[in-house]
Amino acid sequence: MKPHRLSHSAALILKALSLGYCFGFDVMEATGLPSGTVYPALRRLERDELVVSRWESEADASAAQRPARRYYEITHSGKAAAQAATERYPLLARLLPEKHA
Amino acid sequence: MIPELPSPLRRADRVLLAATQWLTPRCERENWVRGWQAELWDREHRRKQDGTPGLLSGVIQDALWLRGDSVRQALAGTPFLCIALLVSLLLMATVPAVIAAGSLHGFLVIAAGSVVRVAIEASLVAFVSLAAGVTSLEQNLSGMQRLRLKARVFFFAKMVLVLLLAWMMSTDVTWPIRPFIPLTTLVLQSLLFVLLGLLGSRWSSLDSALRCQHCLCSLASPARVGRPSWNFLEFTGAELECKQGHGHLSIPEIETSWCQASEWVAAD
């Protein structure tokens with residue numbers, strides 16, 4: 001399969017997703033990237049099948065007293081691309097802390 | 001159906017969503033609004049003293065991305081896009097010639113003087129190109145009467161545009177030396193035109209051969225049909241599908257007595 005060449009911001013977003021930041025606003029806060037970069041990048045990553053999105057269940061959202069979020073999850077090829085991006089941008093791993101539940 | 005929020009969004013956010021949702025394609029709108037309601041709600045309830053990042057640019061750019069992507073998907077591989085690109089290239093190639101001629105009128109005068117010569121050369125190029133269309137792919141197209149009227153019009157339009165583009169490019173390239181060696185320039189331009197015209201018209205017929213014969217969109221998902229197919233179907237080659245599901249094109253790897261040319265298989 002052809003390896004994905006990611007831009008620095010896309011690699012940063014993918015890295016954030018792989019570390020457990022799973023929805024748009026969360027990723028934006030963790031990476032410090034502007035919203036105009038994060039949301040279209042998430043769409044592109046989804047189109048390229050590096051991430052998949054799913055809606056949080058209404059029951060979980062109601063229990064937390066907030067609207068259901070659109071969660072992004074990194075795919076198998078996304079993990080490979082994130083790994084390749086970390087090798088290409090070695091500082092990426094140090095930029096983001098792992099998310100604590 | 002969008003579920004109700006636990007508490008309403010700020011008025012400014014509601015106005016923003018209401019105004020921007022019209023940028024998104026209709027089929028994506030409900031999901032888009034739902035997703036952004038959740039993001040804006042989250043932003044509002046996590047607001048910190050030091051300021052929370054704004055989402056205005058994200059809302060607009062996300063909506064524009066969805067719109068752009070839907071247009072890209074709708075146009076990709078269509079005959080309209082092909083013709084539009086050729087027309088754009090032709091216009092771009094015309095600009096240097098108009099600049100070199102000094103004015104549009106000057107260019108038109110020179111172009112009008114070359115019409116007969118260009119028509120003769122273009123007819124010869126088109127004839128040679130079509131007569132030389134002997135690949136298994138083009139044999140599929142060789143009987144033009146088999147093509148629908150829409151396909152014939154598209155093929156003809158593409159050929160005309162490609163030949164005009166070839167002539168314009170040959171003019172652009174030879175224009176700087178025209179004042180010094182006019183006769184040699186004429187010969188050089190004719191040779192260049194024939195060469196570019198042949199390449200262009202060969203591309204044109206191969207492109208038509210690799211399009212769906214129903215909707216004229218480019219065929220996609222090339223798949224090589226290998227050994228298992230040879231065993232069961234006595235066919236090795238490649239298959240390309242129409243994205244709209246109108247059929248597929250089988251291209252044999254080796255010409256055989258029972259499968260000499262590519263074959264368009266329409267879906268039932």
Point to revise | Residue that is nearest to the other protein chains (Cβ to nearest Cβ), among those in the range A:18-38 that are touching a residue at least 24 places away in the same chain (Cβ under 8 Å) and among the small types (Gly, Ala, Ser) | key: A:Gly24
Study note, to complete from the structure: Checked pairs for the range B:183-212, first of a type in the set (Phe, Trp, Tyr) and buried (at least 19 other Cβ atoms within 10 Å of the Cβ), second at pLDDT below 90 and part of a helix (DSSP H, G or I), C-beta under 7 Å and 6 or more apart or across chains, list as B:Phe193/B:Glu121
Practice item. Scan the range A:1-15 for residues that are crowded, with 17+ Cβ neighbours inside 10 Å and either more than 18 Å from A:Glu98 (Cβ to Cβ) or more than 14 Å from every other protein chain (Cβ to nearest Cβ) (or both) and jot them down. Key: A:His4, A:Leu6, A:Ala10, A:Ala11, A:Leu12, A:Leu14, A:Lys15
Check your understanding: Would you pick out the residues in the range A:48-67 that are facing chain B (nearest Cβ under 7 Å) and surrounded by fewer than 18 Cβ atoms within 10 Å (Cβ to Cβ)?
Key -> A:Glu58, A:Gln65, A:Arg66
**Study point:** Residue pairs meeting the criteria (Cβ under 8 Å; at least 6 apart or on separate chains; first under 18 Å from B:Leu163 (Cβ atoms), in the range B:74-89; second β-branched (Val, Ile, Thr))
**Key:** B:Leu86/B:Val162
Check your understanding: Out of (1) part of a helix (DSSP H, G or I); (2) out of contact with any Gly (no Cβ under 8 Å at 6 or more places or on another chain); (3) surrounded by 19 or more Cβ atoms within 10 Å (Cβ to Cβ), what's the single condition that is false for A:Met28?
Key -> (2)
Point to revise | Check on A:Ala85, within 14 Å of chain B (Cβ to nearest Cβ), buried (at least 16 other Cβ atoms within 10 Å of the Cβ) and over 20 Å from B:Glu28 (Cα atoms) | key: no
Revision key, fill the gap. Within the range B:204-228, residues being in a helix (DSSP H, G or I) and either within 13 Å of the chain's Cα centre (by Cα) or closer than 17 Å to B:Ser262 by Cβ (or both) number 6
**Study point:** Subset of the range B:1-32 (residues that are small (Gly, Ala, Ser) and part of a helix (DSSP H, G or I))
**Key:** B:Ala12, B:Ala18, B:Ala19
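The values are calculated or read from the model by the stated rules, or taken from the named source; none is laboratory data. Keep in mind that this is a model prediction, so the values were computed, not measured. Cβ coordinates were reconstructed from backbone atoms using ideal geometry, including for glycine residues, and neighbour counts include every protein chain displayed.
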